1. Evaluate the distance, in nm, between pseudo-label points positioned 7 Å from the Cα of D72 and of K342 along their respective Cα→Cβ axes.
2. Accessible area per residue of segment 308-367 at 1.4 Å probe, in Å²?
3. Report the extension gain between K303 and T141 in nm, rounded to one decimal, defined as 0.36 nm multiplied by the number of residues separating them, less their alpha carbon distance.
4. Do any of K254/K281; K58/K216; K143/K342; K281/K303; K189/K342; K58/K167 go past 29 Å between their Cα atoms, and which?
5. In whole percent, and with a 1.4 Å probe on the protein chains, what portion of the accessible area of segment 132-239 is carbon and sulfur?
6. Cβ neighbours within 10 Å, averaged per peptide: list 322-333, 57-68, 246-257 in order, most packed at the top.
7. On the protein heavy atoms, probe 1.4 angstrom, tell me the percent of accessible surface of segment 305-346 carried by carbon and sulfur.
8. For the ranges 207-219, 309-321, what's the packing order if you count other beta-carbon atoms within 10 Å of each residue, average per peptide, and put the highest first?
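The values are calculated or read from the model by the stated rules, or taken from the named source; none is laboratory data. As the structure is a prediction and not an experimental result, all values here were calculated from the model. Here the Cβ is made from the backbone with ideal geometry for all residues, glycine too, and neighbour counts use every protein chain on show. Remember, those area values only see protein heavy atoms, side chains included, never the ligands or the DNA or RNA. Shrake-Rupley method; radii C 1.70, N 1.55, O 1.52, S 1.80 Å.
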Amino acid sequence: MSEQSRSTGRIRGTGSRRRKPSRGRRVKTVALWTAAAVVVAGGSGLGYAYVTLNGNLKGVNINAALGTQRPDDVDNGSQDILVLGSDSRSGANSGYGADEGSARADTAMIVHVNEGHTSASVVSIPRDTLVDRPACTSDTTGKQVGAEHGTMFNSAYQVGGPACAVKTVESMSGIRMDHYVEVDFTGFKKLVDELGGVRITTSQAIDDPDSHLALKPGPHTLSGEQSLGLVRTRHDVGDGSDLGRIQLQQAFVKALMDQAKSVGVFSNPKTLFGLADTATKAVTTDSELASVKKLTGFANGLKGLGSEDVHMVTLPVEYDPADPNRVLPQEKADRQVWAALKRDLPIPASATAKSAGDKGEAGDVVR
């Protein structure tokens with residue numbers, strides 16, 4: 001990011017680097033990772049359930065809002081999906097705090113499924129990353145939204161909805177998003193409980209009064225409520241940062257995927273229906289993916305993926321010297337990440353070696 005980008009239009013924060021986030025921010029992050037598990041785990045059975053439950057789905061016409069000024073559509077069999085979790089607390093989400101007037105996508109992931117659909121790379125974009133947001137047309141209001149330099153990544157969704165968020169990601173990466181998935185966090189606990197809980201192992205005790213979670217070292221089967229506590233936890237693990245908490249969430253989503261397969265979700269009609277009913281009510285997709293035909297085909301293409309086939313990283317960033325509550329893209333390393341996805345190759349370890357995102361010190365707490 002240029003000096004001009006860093007000094008113009010910046011949203012400032014106060015306090016220390018480890019400032020406590022709102023409860024709504026913590027909970028909606030959980031839902032994002034749950035959606036990622038649903039998207040990545042996929043499965044032909046889930047696609048079948050969606051046929052029955054199609055009425056639950058909500059679609060957004062991203063293509064109409066963005067038009068033709070987008071990166072080329074690489075038709076090689078690979079897939080790139082933007083998964084967002086918004087912090088709206090209207091309607092059923094009101095129990096997680098007061099709505100402050102507009103929603104932001106506080107957590108975002110690009111899920112890249114390779115050409116053969118045998119592996120996937122997931123890139124998390126920290127919400128406080130300062131980016132150059134392009135001009136866009138809001139898909140919710142139809143109004144033009146001006147470009148802004150050095151603004152937080154999550155403001156794109158706030159000012160322009162899903163279309164502006166997609167355009168911002170495409171501007172950053174040079175990669176066209178094939179699909180869009182947005183998650184409502186209220187269904188998270190039900191999803192976990194439908195699975196019979198999620199099995200994890202902790203390498204140390206966790207006792208975080210803020211997330212209301214107390215676990216001894218060793219194996220656990222977490223309920224939906226406990227799972228919420230785990231992925232909200234940050235003060236009692238690692239360095240206490242949001243970047244460290246992302247590491248906890250990355251471990252949890254893999255455990256969630258393993259649990260979905262171990263209980264036979266995709267071969268047990270009763271379990272499948274309950275999970276699919278909850279999941280379809282919790283997500284909004286692009287209009288193409290919201291159709292039965294497209295969603296079934298998409299899920300069929302992912303049925304062979306397991307947690308061992310998914311590589312998760314955080315976009316390479318560094319703390320902003322002018323504001324420790326913000327992070328800046330590491331431009332050279334970021335280019336390595338995007339180039340790997342474009343070429344349908346694994347993300348090289350060298351790309352994230354010097355990133356603050358890999359220094360949250362919580363990577364080995366949960367497995």
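1. If labels sit at D72 and K342, their model points lie 1.0 nm apart.
2. Counting only protein heavy atoms, the per-residue value for segment 308-367 is 49 Å².
3. Gain on extension, K303 to T141, equals 54.7 nm.
4. K58/K216; K143/K342; K189/K342
5. Values: 1880 of 4030 Å².
The C+S portion of the solvent-accessible surface of segment 132-239 is 47 percent.
6. Working: 322-333: 18.2, 57-68: 15.5, 246-257: 24.0.
The packing order, highest mean first, is 246-257, 322-333, 57-68.
7. Roughly 53 percent of what the probe reaches on segment 305-346 is carbon or sulfur.
8. Values: 207-219: 14.1, 309-321: 19.5.
Ranked by mean Cβ neighbours within 10 Å, highest first: 309-321, 207-219.
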